[in-house]
Amino acid sequence: MDEQFEKEKQRRLSPQEKRRLARFEEVCAELASRGYARTDLTVGIVRANVVTLALSVPLFVICIVAFVLVHRETSIVISLSTPPIMLAVLVALTVVHELIHGLTWSFFAENRFKDIEFGFMKEYLTPYCTCSTPLPLAGYIVGGLMPGIVLGVIPTIVALISGSLLLLLIGLFMIMGAGGDMLITFELLRYRSHAAEKLIYDHPTQAGCVVFER
């Protein structure tokens, strides 16, 4: 897994990513000159996907079983048009997922939405959102978890109550799509520090962030 992570770090960057990375290093150097210590909390994309899959399987089973038990009299009908429609919805919601990251982080960013940028890792077919300025810990975590809550957790709960199987599946897939965000949040919460000041800087080309503290 570590070898795969190193390969991910060496992937070819787009001109936009190179620009973001240069800006990132400039800000990191400026924070270091002000006495901030740097700790990298980046995670591999492959690792994030493996962890997501491992957590998603039992979640799917539990929620589907709960749905069937609660809505025993609900007829489940899946037509030939259901998979294409669901795929189109999930693709659209993946874009919305990144927009929610950006909108939430913009409330805490120095220059609001001007500090938010979007990109796409074609090697992993992964869209992403990044903030070009450091954020407070609480703001970073809220922005990181918000898409999974809005597009995943809430629809799943509504589906279990209302009996909509399609909404349940969409909610579960969007929770799965937020697996990397949950992993990054876990790494942040697991990180222990007694520093008086702590800033979280989203990495522009890798999954994860960098902690600056003093």
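Normalised by the residues of the chain, what does the relative contact order come to in percent, with Cα pairs under 8 Å and at least six apart?
31
Need one word for the stretch 15-213: rounded, prolate or oblate. Basis is the Cα gyration tensor (sqrt eigenvalues a ≥ b ≥ c); a/c below 1.5 gives rounded, then a/b vs b/c decides.
prolate
Count charges around GLY139 for me, please; just the other residues with Cβ under 15 Å from its Cβ, Lys/Arg as +1, Asp/Glu as -1.
Combined, the nearby Lys, Arg, Asp and Glu give -3.
Please rank SER193, SER132, fewest neighbouring Cβ atoms within 10 Å first, as an exposure proxy.
Lowest count first: SER193, SER132.
Please compute the modelled spin-label separation between ARG214 and LEU41, points set 7 Å along Cα→Cβ, answer in nm with one decimal.
2.0
Which of PHE108, PHE212 has the fewest other C-beta atoms within 10 Å, and how do the rest follow up to the most?
By the 10 Å Cβ count, ascending, the order reads PHE108, PHE212.
FRET efficiency for ALA32 and ILE149, Cβ-Cβ distance as r, R0 = 30 Å, nearest 0.05?
So, using R0 = 30 Å, E works out to roughly 0.30.
Which of TYR201, TYR191 comes first, and how do the rest follow, when ranked by fewest Cβ neighbours within 10 Å?
TYR191, TYR201
With a 10 Å radius around each residue's Cβ, average the other Cβ atoms per peptide and rank 172-184, 45-57, 142-154, highest first.
172-184, 142-154, 45-57
Provide the FRET efficiency to the nearest 0.05 for the ARG112-ARG72 pair, computing r from the beta carbons and using R0 = 35 Å.
Working from the Cβ atoms, E equals 0.10.
For the pair ILE62/LEU166, report the inter-label distance in nm, with labels modelled 7 Å from Cα in the Cβ direction.
So the two model labels end up 2.7 nm from each other.
Grab the Cα-Cα distance for VAL50 and LEU21, subtract it from 0.36 nm times how many residues apart they are, and report the gain in nm with one decimal.
Value of the extension gain: 7.8 nm.
Once you order the gyration tensor axes a ≥ b ≥ c over the Cα atoms, which shape class does the stretch 90-174 get: rounded for a/c under 1.5, otherwise prolate or oblate by comparing a/b with b/c?
Here the stretch 90-174 falls in the oblate category.
Please compute the contact order of the stretch 132-208 in relative form: average sequence separation of alpha-carbon pairs under 8 Å and at least six residues apart, divided by the residue count, as a percent.
Contact order relative to length: 44 percent.
Apply the Karplus parameterisation 6.51 cos²θ - 1.76 cosθ + 1.60, with θ equal to phi minus 60°, to every residue of the stretch 184-192 and state each ³J(HN,Hα) to the nearest whole Hz, in sequence, with x for glycine and proline.
Per-residue couplings from phi come out as 4, 4, 4, 5, 5, 5, 6, 5, 9 Hz.
Bear in mind that the values in this text are calculations on the coordinates, not laboratory data. Being a predicted model, the structure only gives us computed values, none of them experimental. So basically every Cβ, Gly included, is an ideal-geometry build from the backbone, and we count neighbours across all protein chains shown.
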